[in-house]
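**Student:** Shown below is the structure under consideration.
The values are calculated or read from the model by the stated rules, or taken from the named source; none is laboratory data. As the structure is a prediction and not an experimental result, all values here were calculated from the model. Glycine also receives a Cβ, built like all others from the backbone with ideal geometry; neighbour counts cover every protein chain displayed.
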Amino acid sequence: MLKIETGLETRALKVVIYGAEGIGKSTFASQFPNPLFLDTEGGTSSLNVRRVKCGKDWSYLLSCVDEVIKDPSICKTLVIDTADWAESLCTKFVCEKYRKSNIEEFGFGKGYVYLQDEFSKLLDSLNKLIELGVNAVVIAHGKPRKFELPEEAGQFDRWEMKLTKQVAPLLKEWCDMLLFCNYKTYVVTTENNTKKAQGGKRVIYTSHHACWDAKNRYGLPDEIDLDFKAISHLFGAKTPLKPDISQENKRN
């Protein structure tokens, strides 16, 4: 028999944050409810946050997530900082597992298939955290790439995550919010009637654009300030659930 449910479902959130170098992605993530950082690159050293350094081994990174699953009261938000360094650890793990010197040595793109499968294990573990009421945040670096549309003349810069073409789509599909952070530059007219760029306000783009990927499922404005206050209303008072050990033992 079908168990039909209606209405809005309140659960922990899956968030991916990416953007320009040094804009404050980690600082923004540190404002999420009671965060714990799994720091893969040492980027949180200047922040007063709780962290576990996971920059040397892919298996250790996965085991750290598993520890939070065992005791979700450790934090209300688990932050992976960053996805691109985590992907590097994953790539190294795959190459060592199959005794290859690099990912291209597999041939015919087979190495990237292994990489995609292995990286999916991290997202599967983060999904378990979501079920337990712990928010999952993944930070990634962004990079501009020259892009050209068939119907448009000329090229333009399009921002994307600094990840392989196999891993980036996984993250984009996995998350509830894909937030692109960048500096907003204003063009003003000077006294000499010339155009001049000024400003540099830090903003978050929450919707898809020709120049970047972004999305959200919560009706956010297309552009918001780079401040947790702009999205704080999405986070209700959630108490992390204890995992059902008996069910876990049955699966094992």
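**Student:** Please state which of the following conditions residue 57 fails to meet, knowing it meets all the rest: (1) under 23 Å from residue 169 (Cβ atoms); (2) in contact with a Phe, Trp or Tyr (Cβ under 9 Å, 6 or more places away or on another chain).
**Tutor:** Checking residue 57 against (1) under 23 Å from residue 169 (Cβ atoms); (2) in contact with a Phe, Trp or Tyr (Cβ under 9 Å, 6 or more places away or on another chain), the one that fails is (1).
**Student:** Can you list the strands (runs of 3 or more DSSP E) found entirely within the stretch 35-91 that contain at least 3 residues being at pLDDT 95 or above and either aliphatic (A, V, I, L, M) or touching a Pro at 6+ places or on another chain (Cβ under 6 Å) (or both)?
**Tutor:** Passing ranges, in order: 77-81.
**Student:** Sort through 143, 165 and tell me the only one that's at pLDDT below 95, basic (Lys, Arg) and in a strand (DSSP E or B).
**Tutor:** 143
**Student:** Somewhere in the stretch 93-115, is a residue of a type in the set (S, T, N, Q) and either touching a Phe, Trp or Tyr at 6+ places or on another chain (Cβ under 9 Å) or buried (at least 17 other Cβ atoms within 10 Å of the Cβ) (or both)?
**Tutor:** The initial filter retains those residues of the stretch 93-115 that are of a type in the set (S, T, N, Q), namely 101-102.
Applying the additional criterion that residues be either touching a Phe, Trp or Tyr at 6+ places or on another chain (Cβ under 9 Å) or buried (at least 17 other Cβ atoms within 10 Å of the Cβ) (or both) yields none.
No, there is no match, as no residue in the stretch 93-115 is of a type in the set (S, T, N, Q) and either touching a Phe, Trp or Tyr at 6+ places or on another chain (Cβ under 9 Å) or buried (at least 17 other Cβ atoms within 10 Å of the Cβ) (or both).
**Student:** Applying the selection to the stretch 56-76, what residues are surrounded by fewer than 21 Cβ atoms within 10 Å (Cβ to Cβ), over 19 Å from the mean Cα position of the chain (by Cα) and within 20 Å of residue 12 (Cα to Cα)?
**Tutor:** 67, 70, 71, 73, 74
**Student:** Given the residues 250, 184, 201, 196, which is the only one that is farther than 19 Å from residue 12 by Cβ, assigned to a helix (DSSP H, G or I) and modelled with pLDDT under 95?
**Tutor:** After applying the criteria, what remains is 250.
**Student:** Give me the residue from the stretch 16-34 that is outside any helix (DSSP H, G or I) and in contact with a helix residue (DSSP H, G or I) (Cβ under 8 Å, 6 or more places away or on another chain) and, out of that set, surrounded by the most Cβ atoms within 10 Å (Cβ to Cβ).
**Tutor:** 18
**Student:** Also, quick follow-up: Looking at residue 79, is it under 25 Å from the mean Cα position of the chain (by Cα) and over 25 Å from residue 52 (Cα atoms)?
**Tutor:** Taking the combined requirement at face value, the residue does not satisfy it.
**Student:** Out of (1) farther than 21 Å from residue 179 by Cα; (2) in contact with a strand residue (DSSP E or B) (Cβ under 9 Å, 6 or more places away or on another chain); (3) of a type in the set (Asp, Glu), what's the single condition that is false for residue 81?
**Tutor:** (1) is the only condition that residue 81 fails.
**Student:** Quick one: in the stretch 209-219, which of the residues that are touching a helix residue (DSSP H, G or I) at 6+ places or on another chain (Cβ under 8 Å) and assigned to a loop (DSSP other than H, G, I, E, B) is nearest to residue 19 (Cα to Cα)?
**Tutor:** Among them, the one singled out is 213.
**Student:** Please work out which residue is nearest to the chain's Cα centre (by Cα), limiting yourself to the stretch 92-107 and to residues that are in a helix (DSSP H, G or I) and among the aromatic types (Phe, Trp, Tyr).
**Tutor:** Per the criteria, the residue is 93.
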